């Protein structure tokens with residue numbers, strides 16, 4: 001478990017909440033089929049959700065340079081177009097405090113898709129960085145007013161230990177299956193899964209960490225991730 005504190009500056013219009021498992025595009029799938037994909041639903045709840053309590057509105061004229069002349073910002077106040085390159089910087093007014101071996105990784109909202117904008121990823125050493133968490137978004141289309149409605153997920157924030165990640169090497173080795181036992185097991189698993197899928201049902205085998213015979217093949221690191229926010233400025237626990 002990480003120790004994370006966020007100082008909320010006066011006038012802050014950004015909120016932090018645990019990520020929701022729900023996605024509009026998943027709701028639109030037949031019989032909510034997408035929610036049966038455990039790797040996707042588990043990714044949906046990684047980290048915390050950053051939203052704005054006000055609409056974010058800006059327009060880019062299609063010219064990329066380092067000036068602030070080509071992006072017009074309508075809201076919210078305090079936003080900055082000085083980085084240029086079809087982007088705006090948002091003043092989150094949220095100052096993160098973490099231990100020395102923890103950084104905050106900000107990424108585009110996980111499994112949210114927009115044709116109008118994309119959030120730029122960044123990585124901040126929040127053990128010493130005393131300014132508000134930086135957040136920048138880019139327009140995808142020129143000469144079109146981008147309107148991001150209040151409450152829309154703008155970013156996913158994920159704590160990460162670079163200390164633990166540093167010097168990690170992925171070792172690639174030759175695949176070994178002398179007696180073809182792995183191949184046979186994979187074929188049997190695939191054939192059984194196809195039969196279940198043809199019937200209109202779902203296997204849930206990966207979710208339950210079992211094979212087609214319902215035999216345990218391991219366990220997930222964490223099956224149900226539980227994250228929360230304790231907002232002492234409001235007395236809320238989310």
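In segment 178-204, the residues that are free of Cβ contacts under 8 Å to residues at least 60 places away in the same chain form Cβ pairs under 6 Å with partners that are in a helix (DSSP H, G or I), at six or more places apart or across chains, as follows: 203/193; 203/196. Being touching a strand residue (DSSP E or B) at 6+ places or on another chain (Cβ under 9 Å), farther than 15 Å from residue 6 by Cβ and either modelled with pLDDT of 95 or more or surrounded by 13 or more Cβ atoms within 10 Å (Cβ to Cβ) (or both) holds for only one residue in 108, 131, and it is 108. Of the strands (runs of 3 or more DSSP E) lying entirely inside segment 1-95, those carrying at least 1 residues that are surrounded by fewer than 16 Cβ atoms within 10 Å (Cβ to Cβ) and free of Cβ contacts under 8 Å to residues at least 24 places away in the same chain are 71-75. Pairs are defined by a Cβ separation below 7 Å, a sequence spacing of at least 6 or placement on different chains, a first member in segment 158-173 that is at negative phi and in contact (Cβ under 8 Å) with a residue 40 or more places away in the chain, and a second member that is surrounded by 10 or more Cβ atoms within 10 Å (Cβ to Cβ) and assigned to a loop (DSSP other than H, G, I, E, B); the pairs so defined are 158/46; 158/47; 159/2; 159/102; 161/101; 161/102; 163/101.
Of the residues in segment 212-232, none is at positive phi, part of a loop (DSSP other than H, G, I, E, B) and modelled with pLDDT under 90.
The values are calculated or read from the model by the stated rules, or taken from the named source; none is laboratory data. What you are looking at is a predicted structure, and each value in this text was computed from that prediction instead of being measured. Heads up, the Cβs are rebuilt from the backbone with ideal geometry, glycines too, and the neighbour counts pull from every protein chain shown.
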